[in-house]
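Following: one structure in structure tokens, then a few remarks.
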Amino acid sequence: MLKNKAIILILFILWFSCNLLFSQQENSSSEEIKIIAIYKEKIKDHIFALGNVEIHYNDIKIFADRAELNTETKDVNAEGNLTICFSGEEVVSGLEGRLNLDSYEGEIKKASGMLQPTFFYEAETIKRNNEDIYSFQKARMTSCTQPIPRWNFSCARATLKKNDYVEMWNSVLSIKRIPVFYIPYLRYPLNRERSTGFLMPQIGFSGAKGFSYTQSYYWIIKRNMDATFTGDFFSAKGLGSGLEYRYLFSGGVGGQLNLYYFNYMKGSEASSTAYLFRFKHNQPLPLKFNLVADIDYSSSFNFLREFDNDFRRAVVSNRSSQAYISKAWSYFNFNLRMARFETYFRENDTSIINYNLPSISFSSSKMKLFSPFYFSFSSAFSHWEYGWDSEYKAGTQRRSQNLSFSPELSFPYTSLPWLTINSSFSPQLNYYFQSYAPATSTIVDEPIFRANYEVKLDLVGPVFYKIYYANQGNARLKHVIEPSLSYCYESPVADSKRIITPWFFYRNNYIRYGLTNRFLVKEEKMPREVFALNISQTFYLSPENSPMQPYRVNGGIPEFSDIEANLRFYPARRYSLDVSAGFNPYYKTFSSLRLGASVGTPDDPAFLRVNWYKSTNPYYKEIIGYDVYWDRHQIGFSGGLKIPRLSLDTLAEVDFNIQERELLYTGLSFVYHYQCIDLKGDLKIFYFRDKPETQFRISFGLGNIGRTTDFFGGLLL
């Protein structure tokens, strides 16, 4: 331990003096050994010096009470208030020591020293093996500059590579003078660049998992790739290990791989193991194609619910695997996609699974033929499967392959500034490789070809607006009112009941109408939208063929959709309000409500976010006779506060199930900056788990050593 202010003060004074001496003598001869002392005596190849001894040679300066120099071998033995300066960047003091002026090899006892910029150490013995490598015995080290360091490591032995790292064996971390925990091996980086080594561990406790210990090792493989290995120990559950591998190559090739494997203790779970596999990859291909892959797979949804500390990910059980190859050029777009999605429903222990094997699309944007007509097209090949997991086991899942082509001729009309009209005509050609056998739900490999057409008319306007002026006569606020009307008609499809779809076949025949209000303000000569309110509804002219066909109201199919409303309010750059609602005109109730509001951002001294949503399908009450389990009504709060006076950063989150009147999750995360040490703590309560769990975890950030992070996410600071 650095015992008092005098040690650090003396080291700084000596370092400054060494720098001054080097700057004054940088043009002097580098070959001559210069000795200054009160008394000097030379006997053959040995020079003995006594009293205020100074030895100057190249970039080395030695100060001592007594010294002996062998001019032939250039070995120096010195004792009494010994101080050695190397290149003005390093100062070592000790009781006695020896050093070779050419090789820099030597040994100092009862030593203390400083490496630039701020790394301090003490040791019983320091051996300098060459210019850059040191060996320590019974050492203490810190990068704190306080008279009494906020933290330090004590170790049985250590190896230091200058400007790179320190390796310590059998080390103990102490905060102030209090030992905190023992670390068998530690690698401490000496620079602020990315460095290979162990991160500071994370320890914690929860009633469900017991004592927990998490340790990560960070490995810089190359400049463009790194890996983090993580080990987890839960005394009441078992052992886990994780890997995070990141890479970035030239040309935009990059990605990230996350693997995790958990081994349950005997008797703790029915399943003995669980694993996670997450992978993201992006790669440009020849001919300007681009490949994107995204996989998120877990072997057990129950494991995620129990261990995932990201609340939103833990309560939604999904598996997904997808890959895209795409290209956009001129007017054209190509996309090839293979995907698998699975959503698990805990309420009835079953999953819905959707495959795309593959889906290929080729389309164009609008190309001008001749005024005022434009041409575009879309084409696709789709091979898909859809159904419950039980249907897959029985081989009765819905499946189909189909090929489609749809050219479109459009006619936009924009001659009037207050009115926009878009009309289009599109033949629709579809070839289905499979179909339902007539009057059954049995899938047979009997292809069918169907053709129909679609006509669309979109009208926006007449547009009304009013401009409000400031006192100086400058335009300040603009209010715009935009009514809209759309009509879409698809001609009937012969024998449509033979066409295989995931749910049911429908065709468009509707009128959609709406009204939009916008407010724009002028900022730096550019308009910015601060308020927008849109209300719309759809009237189905053929409800029996529409998306409403499964529903019933008093025995009839509803003709009107829900009334949809969206509001966006952004009064300033750091404030926002988003509200959306769906109102069912038949049951006179809101089928959906969603509100998102934020004040500030996470980079601000304080911020707050609110998310509230409610959703239900009132039609199911008449169809099934009771409320179904996927009705939702929930609210969540998250926020942060930075208190510079207390050197404290905090984050908090609360989620509440209004429908069940119960808390789902609460979390508090804080970081206390105590000069050269960061103390991080997390308190989380998971009410939604089968056994509600209270979890507390703590970790430290010390100088150049980062903290071990939670592989399973959650609040981050």
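Between 152, 170, the distinction of being in contact (Cβ under 8 Å) with a residue 60 or more places away in the chain, outside any loop (DSSP other than H, G, I, E, B) and in contact with a strand residue (DSSP E or B) (Cβ under 8 Å, 6 or more places away or on another chain) belongs to 152 only. When each of 491, 423 is tested for being farther than 28 Å from residue 341 by Cα, touching a Ser or Thr at 6+ places or on another chain (Cβ under 9 Å), surrounded by fewer than 17 Cβ atoms within 10 Å (Cβ to Cβ) and of a type in the set (Gly, Ala, Ser), the lone residue that passes is 423. Screening 257, 248 for residues that are farther than 30 Å from residue 377 by Cα, touching a strand residue (DSSP E or B) at 6+ places or on another chain (Cβ under 9 Å) and buried (at least 16 other Cβ atoms within 10 Å of the Cβ) leaves exactly one candidate, 257. Contact map, segment 32-45: residues that are farther than 12 Å from residue 67 by Cα paired with residues that are exposed (fewer than 10 other Cβ atoms within 10 Å of the Cβ), Cβ distance under 8 Å, separation 6+ or inter-chain. Pairs shown: 45/72.
Those residues that are within 30 Å of residue 426 (Cα to Cα), of a type outside the set (A, V, I, L, M) and within 44 Å of the chain's Cα centre (by Cα), I need them from segment 457-489; list them, please. 458, 461, 482, 483, 484, 486, 487, 488, listed by residue number. Exactly one residue out of 72, 124, 89, 96 is in contact (Cβ under 8 Å) with a residue 12 or more places away in the chain, over 19 Å from residue 190 (Cβ atoms) and surrounded by 16 or more Cβ atoms within 10 Å (Cβ to Cβ), and it is 96. Restricting segment 533-557 to residues that are of a type in the set (A, V, I, L, M, F, W, C) and surrounded by 17 or more Cβ atoms within 10 Å (Cβ to Cβ) leaves a set whose member that is modelled with the highest pLDDT is 548. Here is the figure for segment 260-295: residues that are crowded, with 17+ Cβ neighbours inside 10 Å, within 16 Å of residue 713 (Cβ to Cβ) and not aromatic (Phe, Trp, Tyr) total 1.
Kindly establish whether residue 696 is closer than 20 Å to residue 181 by Cβ, in contact (Cβ under 8 Å) with a residue 12 or more places away in the chain and surrounded by fewer than 16 Cβ atoms within 10 Å (Cβ to Cβ). Criteria met by residue 696. Does residue 213 meet the test of being touching a Ser or Thr at 6+ places or on another chain (Cβ under 9 Å), surrounded by fewer than 14 Cβ atoms within 10 Å (Cβ to Cβ) and not in a loop (DSSP other than H, G, I, E, B)? Answer is no for this residue. Is it fair to say residue 175 is in contact with a Phe, Trp or Tyr (Cβ under 6 Å, 6 or more places away or on another chain), β-branched (Val, Ile, Thr) and modelled with pLDDT under 90? Criteria met by residue 175. Of the residues screened, residue 435 is one that is surrounded by 11 or more Cβ atoms within 10 Å (Cβ to Cβ) and more than 26 Å from residue 408 (Cβ to Cβ). None of 681, 713, 706, 701 is small (Gly, Ala, Ser) and touching a helix residue (DSSP H, G or I) at 6+ places or on another chain (Cβ under 8 Å) except 713. In segment 128-170, the residue that is surrounded by the most Cβ atoms within 10 Å (Cβ to Cβ) out of those that are at pLDDT 90 or above and among the hydroxyl-bearing types (Ser, Thr, Tyr) is 154.
Do you know which residues across segment 93-126 are of a type in the set (Asp, Glu) and on the phi > 0 side of the Ramachandran plot? Result: no residue meets the conditions. Number of residues in segment 636-661 that are over 21 Å from residue 601 (Cβ atoms), surrounded by 16 or more Cβ atoms within 10 Å (Cβ to Cβ) and either touching a residue at least 24 places away in the same chain (Cβ under 8 Å) or of a type in the set (Val, Ile, Thr) (or both) equals 1. Close Cβ contacts (under 7 Å, 6 or more residues apart or on different chains) running from residues in segment 501-512 that are more than 19 Å from residue 560 (Cβ to Cβ) to residues that are of a type in the set (Gly, Ala, Ser) comprise 505/496.
Within segment 29-60, take every residue that is of a type in the set (Ser, Thr, Tyr) and assigned to a loop (DSSP other than H, G, I, E, B) and give me the one that is nearest to residue 75 (Cα to Cα). Taking the candidates together, the pick is 30.
Kindly establish whether residue 715 is at pLDDT below 90, within 20 Å of the chain's Cα centre (by Cα), more than 23 Å from residue 592 (Cα to Cα) and of a type in the set (A, V, I, L, M). Yes; evaluated as a whole, the condition is true for this residue. The residues of segment 504-556 that are under 29 Å from residue 430 (Cβ atoms) and among the β-branched types (Val, Ile, Thr), listed by number, are 511, 538. Of the residues making up segment 187-210, just one is under 26 Å from residue 118 (Cβ atoms), outside any strand (DSSP E or B) and small (Gly, Ala, Ser), namely 195.
Checking residue 184 against (1) out of contact with any Gly (no Cβ under 8 Å at 6 or more places or on another chain); (2) over 24 Å from residue 118 (Cα atoms); (3) crowded, with 17+ Cβ neighbours inside 10 Å, only one condition comes out false. Which one? Going through (1) out of contact with any Gly (no Cβ under 8 Å at 6 or more places or on another chain); (2) over 24 Å from residue 118 (Cα atoms); (3) crowded, with 17+ Cβ neighbours inside 10 Å one by one, residue 184 breaks only (3).
Scanning segment 477-512 for residues that are in a strand (DSSP E or B) and either more than 22 Å from residue 417 (Cβ to Cβ) or of a type in the set (Val, Ile, Thr) (or both) gives 480, 481, 487, 488, 489, 490, 509, 510, 511, 512. Restricting attention to segment 561-615 and to residues that are part of a loop (DSSP other than H, G, I, E, B), within 29 Å of the chain's Cα centre (by Cα) and acidic (Asp, Glu), the residue that is modelled with the highest pLDDT turns out to be 604. Of the residues in segment 317-333, at least one is surrounded by 17 or more Cβ atoms within 10 Å (Cβ to Cβ), touching a residue at least 40 places away in the same chain (Cβ under 8 Å) and not aromatic (Phe, Trp, Tyr).
May I ask you to verify whether residue 395 is at pLDDT below 95, on the phi > 0 side of the Ramachandran plot and surrounded by 16 or more Cβ atoms within 10 Å (Cβ to Cβ)? Criteria not met by residue 395.
The values are calculated or read from the model by the stated rules, or taken from the named source; none is laboratory data. Keep in mind that this is a model prediction, so the values were computed, not measured. A quick note on method: Cβ atoms are made from the backbone with ideal geometry, for glycine too, and the neighbour counts reach across all protein chains shown.
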